[in-house]
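Inspection log for the structure reproduced underneath, given as structure tokens.
The values are calculated or read from the model by the stated rules, or taken from the named source; none is laboratory data. It should be emphasised that the depicted structure is a prediction, and the values quoted were computed from it without experimental measurement. Note that each Cβ is placed from the backbone with ideal geometry, even for glycine, and that neighbours are counted across all protein chains shown.
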């Protein structure tokens, strides 16, 4: 039987620490050759100068959990004011889901929406990197952004560290005030809005960039000694900031310019899809190697600047959590079971009757 669960069920099962631990295990498996991550592919159909339909696929396989995962998104995207926006394609909803397959039997065992799980897996990935890179006992964090991903990072980092204060900036005052009100009431941490982006760097041990901007969101001169910086997409970080860092780690070196884009013949649309970033001159390493290091961040020089570029999502992230979610759903009788007949067929079943 194939079990189907909802975002509500996923929320019941996941918390920042659980996600962090499972993701770290997946990066160890990837480093040891016990997991596979297929490059993300976006099939893009232009719909005018500033709009497109995008069909996205990501695949990950993890032997220790005996699962393979396919993640699919069917999106409309729009460029406006140097930002790329996802547009609901089905009323006010987005079409994105995940299939989890059992490797031994080959059959699908779980289907779930790609919503809550993505919130957790992106922020959890940033937290895995921070454990190895940030200085000891950070107490102040700055956040650029006030959307969904910014919120998930505040939650994940407040779970990981005993933060005293979080300063938040985004260009729209109402958005940042609403964001800080929500998280001030949710967390045992002082969360305050600031009026200019430079202020998030002041006395900050950690700075999180979690925006939808397609251009750099800060001036590298604002970076203070000892700061650990996290970014969830390439364009947020100016090139000179990478050069200023004492250590740079990225999520994946296989797709430094973003996903593999498939566009119609003769289209020049591909140029604006790539998250351009010149990494050739940088001394960088990958998260799977960082996760396998036996290192203590407290031994780094206190003035070192470190930077983690969460440059692209991995199907492996979903594989890391897929088996856990299936087990939790079965044990707690969450969701619905459906017959596998839709997904399977016999050799004779294909023959003309």
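Select, from 107, 103, the only residue that is surrounded by fewer than 21 Cβ atoms within 10 Å (Cβ to Cβ) and either at positive phi or at pLDDT below 95 (or both).
Details: 103 fails: either at positive phi or at pLDDT below 95 (or both).
Only one candidate qualifies: 107.
Of everything in segment 136-160, what is farther than 21 Å from residue 23 by Cα and in contact with a strand residue (DSSP E or B) (Cβ under 8 Å, 6 or more places away or on another chain)? Give them in sequence order. Selection gives 138, 139, 140, 141, 142, 143, 144, 145, 146.
Going through (1) in contact (Cβ under 8 Å) with a residue 60 or more places away in the chain; (2) within 30 Å of residue 292 (Cβ to Cβ) one by one, residue 33 falls short only on (1).
Having 1 or more residues that are over 16 Å from residue 323 (Cα atoms) is the bar; report the strands (runs of 3 or more DSSP E) wholly within segment 1-90 that clear it. Please lay out each step first, then the result.
Values: elements: 2-4, 35-46, 51-62, 67-80, 83-87.
Hits in segment 1-90: 35-46, 51-62, 67-80, 83-87.
Restricting segment 263-297 to residues that are under 30 Å from residue 51 (Cα atoms) and loosely packed, with under 13 Cβ neighbours inside 10 Å, the residue that is modelled with the lowest pLDDT is 278. Tell me, which residue of segment 242-262 that is modelled with pLDDT of 85 or more and outside any loop (DSSP other than H, G, I, E, B) is farthest from residue 50 (Cα to Cα)? Checked segment 242-262; the qualifying residue farthest from residue 50 (Cα to Cα) is 247.
Kindly evaluate residue 167 against the criterion of being touching a residue at least 24 places away in the same chain (Cβ under 8 Å), closer than 26 Å to residue 55 by Cα and in contact with a strand residue (DSSP E or B) (Cβ under 6 Å, 6 or more places away or on another chain). Judged against the criteria, residue 167 is not a match.
Listed here are the residues, each with its yes/no results for (1) closer than 23 Å to residue 131 by Cβ; (2) outside the structural domain of residue 139 (by TED's automatic domain parsing); (3) surrounded by fewer than 18 Cβ atoms within 10 Å (Cβ to Cβ).
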site: 211; (1), (2), (3): no, no, no
site: 215; (1), (2), (3): no, no, yes
site: 229; (1), (2), (3): yes, no, no
site: 239; (1), (2), (3): no, no, yes
site: 243; (1), (2), (3): no, no, yes
site: 253; (1), (2), (3): yes, no, yes
site: 257; (1), (2), (3): no, no, yes
site: 261; (1), (2), (3): no, no, no
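Being surrounded by 15 or more Cβ atoms within 10 Å (Cβ to Cβ) and at pLDDT 95 or above is a property that residue 166 has. Within the bounds of segment 52-71, is there any residue that is within 27 Å of residue 132 (Cα to Cα), surrounded by fewer than 18 Cβ atoms within 10 Å (Cβ to Cβ) and either touching a strand residue (DSSP E or B) at 6+ places or on another chain (Cβ under 8 Å) or without any contact (Cβ under 8 Å) to a residue 60 or more places away in the chain (or both)? For segment 52-71, residues within 27 Å of residue 132 (Cα to Cα), surrounded by fewer than 18 Cβ atoms within 10 Å (Cβ to Cβ) and either touching a strand residue (DSSP E or B) at 6+ places or on another chain (Cβ under 8 Å) or without any contact (Cβ under 8 Å) to a residue 60 or more places away in the chain (or both): present. Scan segment 145-162 and tell me whether some residue there is surrounded by fewer than 15 Cβ atoms within 10 Å (Cβ to Cβ), over 22 Å from the mean Cα position of the chain (by Cα) and closer than 27 Å to residue 239 by Cβ. Among the residues of segment 145-162, not one is surrounded by fewer than 15 Cβ atoms within 10 Å (Cβ to Cβ), over 22 Å from the mean Cα position of the chain (by Cα) and closer than 27 Å to residue 239 by Cβ, which makes the answer no.
Could you grab me the full set of residues in segment 235-250 that are more than 14 Å from residue 197 (Cβ to Cβ) and touching a strand residue (DSSP E or B) at 6+ places or on another chain (Cβ under 7 Å)? So that I can check it myself, show each step before the final result.
First, the residues of segment 235-250 that are more than 14 Å from residue 197 (Cβ to Cβ): 235, 239-240, 242-250.
Result: 235, 242, 245, 246, 247, 248, 249, 250.
If I ask for residues that are assigned to a loop (DSSP other than H, G, I, E, B) and under 22 Å from the mean Cα position of the chain (by Cα), which ones from segment 172-201 would you list? Across segment 172-201, the qualifying residue is only 187.
If only one of 134, 127 is crowded, with 19+ Cβ neighbours inside 10 Å and at pLDDT below 95, which one is it?
On the way: 127 fails: at pLDDT below 95.
Sole residue among the options that is crowded, with 19+ Cβ neighbours inside 10 Å and at pLDDT below 95: 134.
Within the span defined as segment 230-238, one or more residues are closer than 23 Å to residue 160 by Cβ, in contact with a helix residue (DSSP H, G or I) (Cβ under 8 Å, 6 or more places away or on another chain) and modelled with pLDDT of 95 or more.
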